[in-house]
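Since the structure comes first, as structure tokens, the remarks are kept for the end.
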Amino acid sequence: MIPLLSLLLAASCGASVPTDGLVFDASSGKAGSIELPTGKTVNYTAYEKLYFVTDVEDPTYQYMNVYVPEGATQTTPIFLRTYVGGYMASEATAPQAGDATGRALAEGYVVAIPGSRGRNSKVGDTWTGRAPAAILDLKAAIRYLRHFDKQMPGDAERIITDGTSAGGAMSALMGATGNYPDYEPLLDAMGAAKERDDVFASICFCPIIDLEHADMAYEWLFQDTDSRLAGSEEQQKVSAELASQFPAYLAGLNLHKADGTPLTGDNFLDYIKELLIASAQKAKNAGADISADLGFKFNSEARGPFAAPLNGGMPGGPGGNRPMMRMGGGRVGEYITDLDMPAYLNYVVSTQPLKGVPSFDSQGVLGSRASGENEEFGDSTGSSVSFTEYGAAANGVVLTDEIRRNVILMNPMIFVGNPKATNAPHWYVRHGARDRDTSFPVPVAFATKLENAGLDVDFLLAWNRPHSGDYALDEVFDWIAQITGR
Ligand code: DHB
């Protein structure tokens, strides 16, 4: 129940906390505008503080703002951006000129920005946003858009979600868990609209997902880097134990490459290597200087009159059709032919220190403090808890049924290809090629699972990107135009 004081406060701020069902008043829109970095100004109608549940527990977060640009109609797709970061609460904001929300308005899309509770939200003494609260709020927001679809411009059958990091995880969850029955009683208890909550497309930048397997994946990838080898004997022991669990998990996923080859612990690193080479080659073709110092090998051996012309036949070095050579930069040849993975991983960890051992379920293991994820799975008393078998065993505790349930409800991997879920048909997934907030196997397995489920997936380990999102917006909005036929 909402505390009276919060209700009064919210009411005094012009909000309409629902007291008798969900409300949307089409005449309540306010005119506004946003100026983009390009100098273009977009005029819009703003509908703000749209509470998306009837039993509001936390009035700071459980509402959404919607912005309708001039010219939008009932058939305009809706771009839904979550600003969740760090699994923390996220208050609904106005659109930002410099990110995908401003760009979406400039492209004529309706923009929805829902708030959501998170691991740090609190009303009085009650922590309101522990798992799975954030995804419940976001699903309730989607249901609200469907509930008032006819009254509001924009097409709730074409919602495109977007988020970064923990927000990328939320976007992935919105995309993967559509209409899954286990969320239903929880949404009912909040007073969410009785509507479907599947979406049309999901854009996930560096999603921090599969939290219960993220530690094993992290150590499997990084255990032999200089950074991990410089750790204590105890740290190396834990790293090796976690790493050794990853191949069995991977095998259980039954993933395969596009050509049908099963992916196992024996060939998964080579698969990641192929993806990194493809990413670097794409960047190289666009003019980026890819350095051999990072571990890349090039086709620099081609010589003589019958060698394929390098650089598309354009003059290379002195004398024309020769391999490009740069002193110092180490850029050679037109094609990348191989990558020394140990060298590349050492490069990645040199750009930003690795997280500790373990990185995600760290509480009480090797004396480490609770991580944000340990807090996320805690309860309304503000506790933080172990959420993996490994962490629980190290602490001599058992995972309760509730923790196990919440871990599942927060993991989009589980719902991809699940017959009881309606997965979004379109996916755009990006993870930076030097992002170490979670390890490459996590987004790679996720994207592969989406592909194996027959969904439309645009996946890239984006070249030279650290942990970040809403980049390459020309490309993002070309993709959106293509999937929406605009
Ligand atoms: C985020 C980053 C992390 O490294 C993590 O473990 C969880 C969330 C984030 O930026 O949202």
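Report yes if some residue within region 159-178 is in contact with a Lys or Arg (Cβ under 6 Å, 6 or more places away or on another chain) and open to solvent by 30 Å² or more (accessible area, probe 1.4 Å); otherwise report no. Checked region 159-178: no residue is in contact with a Lys or Arg (Cβ under 6 Å, 6 or more places away or on another chain) and open to solvent by 30 Å² or more (accessible area, probe 1.4 Å). As a summary of the residue check, residue 130 satisfies the conditions (1) within 16 Å of the ligand (Cβ to nearest atom); (2) in contact with a Pro (Cβ under 9 Å, 6 or more places away or on another chain) except for the one numbered (2).
Residues that are within 16 Å of the ligand (Cβ to nearest atom), touching a Phe, Trp or Tyr at 6+ places or on another chain (Cβ under 9 Å) and not small (Gly, Ala, Ser) occur in region 71-91; there is at least one. Which members of region 357-385 meet the condition of being within 11 Å of the ligand (Cβ to nearest atom), out of contact with any helix residue (DSSP H, G or I) (no Cβ under 8 Å at 6 or more places or on another chain) and in a loop (DSSP other than H, G, I, E, B)? Answer for region 357-385, where residues must be within 11 Å of the ligand (Cβ to nearest atom), out of contact with any helix residue (DSSP H, G or I) (no Cβ under 8 Å at 6 or more places or on another chain) and in a loop (DSSP other than H, G, I, E, B): just 371. Against the definition (part of a helix (DSSP H, G or I), under 22 Å from residue 351 (Cα atoms) and open to solvent by 20 Å² or more (accessible area, probe 1.4 Å)), how does residue 245 come out, yes or no? Spelling it out, it is not the case that residue 245 is part of a helix (DSSP H, G or I), under 22 Å from residue 351 (Cα atoms) and open to solvent by 20 Å² or more (accessible area, probe 1.4 Å). Summed over region 268-299, the residues that are part of a loop (DSSP other than H, G, I, E, B) and open to solvent by less than 40 Å² (accessible area, probe 1.4 Å) give a count of 5.
Test residue 391 against the stated conditions and say whether it is open to solvent by less than 50 Å² (accessible area, probe 1.4 Å), more than 14 Å from the ligand (Cβ to nearest atom), assigned to a loop (DSSP other than H, G, I, E, B) and not β-branched (Val, Ile, Thr). It is false that residue 391 is open to solvent by less than 50 Å² (accessible area, probe 1.4 Å), more than 14 Å from the ligand (Cβ to nearest atom), assigned to a loop (DSSP other than H, G, I, E, B) and not β-branched (Val, Ile, Thr).
Of everything listed in (1) over 17 Å from the mean Cα position of the chain (by Cα); (2) under 22 Å from residue 86 (Cβ atoms); (3) open to solvent by 60 Å² or more (accessible area, probe 1.4 Å), the single unmet condition for residue 406 is (3).
Determine if region 94-111 includes at least one residue that is crowded, with 24+ Cβ neighbours inside 10 Å and farther than 27 Å from residue 41 by Cβ. No - not one qualifying residue is present in region 94-111. Test residue 195 against the stated conditions and say whether it is assigned to a helix (DSSP H, G or I) and of a type in the set (Asp, Glu). Criteria not met by residue 195.
The values are calculated or read from the model by the stated rules, or taken from the named source; none is laboratory data. Nothing here was measured: the structure is a model prediction, and the numbers come from that model. Reconstructed Cβ throughout: ideal geometry from the backbone, glycine too, with neighbour counts over all protein chains shown. With ligands, DNA and RNA removed, areas are computed over all heavy atoms of the protein, side chains included. Shrake-Rupley method; radii C 1.70, N 1.55, O 1.52, S 1.80 Å.
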